[in-house]
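Just so it is clear, none of the values below were taken in a lab; they were calculated from the coordinates. Please read all numbers here as calculations on a predicted model, not as lab measurements. Virtual Cβ from ideal backbone geometry, glycine too; neighbours counted across all protein chains shown.
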Amino acid sequence: MPALPPLHSTSVPALPKKSLQKDAVQKDYADVEATLTRITSHTGVQGIVIATHEGSVIRSTLDNIQTQQISTLVTQLAARGKSVVRDLDPEDDLTFLRIRSKKNEILVAETKQYLLITIQNPNELQKGWI
Amino acid sequence: MLPADRRKEELEKKRAKLAELRAAKEARKSALDASRRDSSATDSTSERRDLDDLVSSLVGDRPVSRNRSRDELGTPSSVSSPLDPHVLREALRAPASETARTEKTPADTPAEKPRPTLVSADFVFFDVPPREKVMYTKEIQTETIDFPNADAVEGPDSRSSPNRDAEPLAAEPPAAKTPEPETPPPEPLTEAERKSILSSETFLNFFDYSSKLVERALNEPYDFMTDYAVNDDRIIDDSAGKNVHRVCSFSDERWTRNRSVADCGWSQKHPELLLAAYSKNHASVTDADGVVLIWNLHLRERPEYIFQSQSDVTVAAFSDFHQNLVIGGTYSGQILIWDMRAKSRPVLQSPLSAAGHTHPVYSMRIIGTQNAHNLLTASTDGLVCSWQLDMLAHPQEALDLVHPSNLKSDGISVTTMAFPYNETTTFWVGTEEGSIYQANRYDRAGSKAGINGLDTYNAHYGMVTGLDFHPLSGPADFSDLFLTSSVDWTVKLWRAKSASKPSMVQQAITPLCSFEDADDYVYDVKWSPTHPSMFASVDGSGRFDIYDLNSEIEVPTVSLTTGTGRALNKLAWDKEGRRTALGSSDGLLYIYDLGEISQPRSDEWTTFQRTLAELESR
């Protein structure tokens, strides 16, 4: 059912784009923000840092000092982990790194260019799921 | 042999070699100097001889000088040939003074033949200053940045570099022991750079994928590091596992708001995946009309996949034989196929032509086996089409269901369709008028293709909303039983007339039992796949009833409401019969876990047979 253009608009009415060629699920910055807020509001999550492989921070939900620390240290750790995986098997590659400490858990999801680092406190998780 | 020892050896060898080279060089140099010194003394004589030669060649005679030159030519050649060009140069350079001397010397030489002539000659030494080599270094115009870690880096590097110079063949660089040179802290990105990255395609894809992973990982409720020895003050509700309770509800702000669930189903391949098809969003014009979301029980906040279509999706299911495909039928009559590996638009769709359906498709079923399967769809104009999944351009077969005695119109509007278990040629349809018919796909001996008009099922007073055959699940076969639900507030249980014995005369078939407990439209009814006597129904007031015929016939065993008061549109049992998915009209998809009652005991089948006998005898 095509949408009718508004009658009293002065500008050229824009018909809704339902293009069949490209993917119409518009992923954009707003979705990124929404997902970040949703993840941070998850029980126990302390913060998220999105960084490049060199350690430059693209986006973070923590304060500056922590972000800097986390980005430099964790990117180095991920690089080390990646080299370990590749040394063991040259065709292998690191996809996910999960470090559990007494107080925290660091989850690192890695692709070719970027890293998504999540810090959560796992002790706050609820038990019991069938 | 340790690499260190070998390195030392090689080091020693290199050093010895170097020393040798140096010594040789020195020797050569000293030899050169010595020979030069020698040549300076003998220079005069050799010079003279050369000039003799020159003069004689020019003059032509003077045999004495020639002899002499011949004699003496023997010796100078043996002295040092590399000195000749040097000597000649010198000779040619100062012709004036030498010619004067040579004139002297030939005169002297015949008289003093036996004795060597000693003439003091003063030389004009020409000092050729060394050519000045102009050297320049290329430099960059920017200033070198002094890195804070540079000193730390310089130290190990400088220590290791002479080592490297001395042992270029070292297998392991000694720098392995030294700390890896730290890269300088990266330049912080500017705001503009950040924005551009955040909107780039690669970043969005990355973020989509990795946030899904992280959310799935975060959702894990079991803490593998729990220490059971420590006393825990947490109160754990013990009864939760036994009763019927809600596990979760799926909804998405963006995609399910203002839409209602039109269909829901579980995946056969992955028991944690389920899908829900949603109707049109009336509030938004720009959003796609039809949306199918794939949800994952482990990822509760967002859909795994989002599929869209141009028209309302009225029925959708996972493909039984292809693990990546989702098939949907729409309000416009199109059949769509989405692929989980591809984008959100359908990868295949049937055209909007007269060959396919032109009315909404409300029932769909894949029948057959892995290698020979068909998709059967039925639309509200009575057309039943059979499709091949890879060729949706036109249906393989089209069967128009007409009822000859229907006075208003020949066609019947099919709202539900169901096949008995393992049957592919005969099926039952429920219509909008409330009647149920048996239909055959093909002409057979004794019955024609189409509606079997002879059997009349005295069915409902209102539209038939659900029709479900008993699945084959245990030792006894109840596969001729089916349930129907309708908007006349009832659910009825029937025993189907066997298709192998077609009736010759008009027959009226009555239901075995009619369940009239509901007080709203009943929208769907489904048998449990594992429990023979259990089925569930959902109705328009948000009620979810579970009937267990072995325990109670008249009333449901368990009756729950979602609480919102909104109608529940669809119901789907998962493969094990443990959970049910309920789709509601406000876009929420509820998952209920049925606990203990969903598990059949071993005697359920026999009990059910007795129950049926009892029902039939009424």
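In nanometres, what is the gap between the two model label sites at B:ASP53 and B:GLU397, each 7 Å from Cα along Cα-to-Cβ?
Inter-label distance under the simple model: 11.6 nm.
Give the distance, in whole Å, between the Cα centre of the stretch B:438-510 and the Cα centre of the stretch B:551-618.
Cα centroid to Cα centroid, the span is 21 Å.
So what's the net charge close to B:PHE419: Lys and Arg +1, Asp and Glu -1, counting the other residues with Cβ under 14 Å from its Cβ?
Cβ neighbours under 14 Å give a net charge of -2.
Determine the relative contact order of the stretch B:248-616: mean sequence separation of Cα pairs under 8 Å and six or more apart, normalised by residue count, in whole percent.
Over the stretch B:248-616, the number comes to 12 percent.
What is the calculated FRET efficiency for B:LYS17 to B:ALA121, with r their C-beta to C-beta distance and R₀ = 41 Å, to the nearest 0.05?
0.35
For the stretch A:44-91, what relative contact order do you get, as a whole percent, if you take Cα pairs closer than 8 Å and at least 6 residues apart?
29 percent
Take peptides A:84-90, B:316-322, A:35-41, B:522-528 and line them up by average Cβ neighbours within 10 Å, highest first, as a rough protection proxy.
B:522-528, B:316-322, A:35-41, A:84-90
For the pair B:GLU193 and A:GLN66, how long in nm is the line joining their label points, each one 7 Å along Cα→Cβ?
2.5 nm
Go through B:VAL505, B:ALA518, B:TYR461 and say which Cα lies farthest out towards the positive end of the charge dipole of the stretch B:392-543; charges sit on Cβ, +1 for Lys and Arg, -1 for Asp and Glu.
B:VAL505
For the ranges B:454-463, B:530-539, what's the packing order if you count other beta-carbon atoms within 10 Å of each residue, average per peptide, and put the highest first?
Peptide ranking by packing, descending: B:530-539, B:454-463.
Averaged across the residues of B:124-137, what count of C-beta atoms belonging to other chains lies within 10 Å of each residue's C-beta?
Across the residues of B:124-137, the mean count of other-chain Cβ atoms within 10 Å is 0.
Arrange the following residues from fewest to most other Cβ atoms within 10 Å of their Cβ: B:CYS248, B:CYS385, B:CYS513.
Fewest-to-most Cβ neighbours within 10 Å comes out as B:CYS248, B:CYS513, B:CYS385.
Which whole-number percent is the relative contact order of the stretch B:551-618 (Cα, under 8 Å, 6+ apart)?
Working: 55 pairs, mean separation 12.5, N = 68.
Reported relative contact order: 18 percent.
Exposure proxy check: B:VAL244, B:VAL59, A:VAL49 ranked by fewest other beta carbons within 10 Å?
Sorted ascending by nearby Cβ count, the order is B:VAL59, B:VAL244, A:VAL49.
If you take the charge dipole of the stretch B:248-616 about its Cα centre, with +1 on Lys and Arg Cβ and -1 on Asp and Glu Cβ, which of B:TYR442, B:VAL487, B:TRP338 is farthest toward its positive end?
About the Cα centre, the residue reaching furthest to the positive side is B:TRP338.
Treating the beta-carbon of each Lys and Arg as +1 and of each Asp and Glu as -1, no other charges, what is the dipole magnitude of the stretch B:248-616 about its Cα centre, to the nearest 20 debye?
Here the size comes out at about 880 debye.
May I ask you to derive the FRET efficiency for B:LYS138 and B:TYR209 from their Cβ-Cβ distance with R0 = 51 Å, giving the value to the nearest 0.05?
After rounding, the FRET efficiency stands at 0.65.
For A:ARG100 and A:GLN113 in the same chain, what is the full-extension length gain: residue separation times 0.36 nm, less their Cα-Cα distance, in nm?
Numbers: separation 13, 0.36 × 13 = 4.68 nm, distance 2.43 nm.
Full-extension gain reported as 2.2 nm.
Can you work out the FRET efficiency for the pair B:GLN599 and B:ASN219, with r the C-beta to C-beta distance and R0 = 30 Å, to the nearest 0.05?
The pair B:GLN599/B:ASN219 has a calculated efficiency of 0.70.
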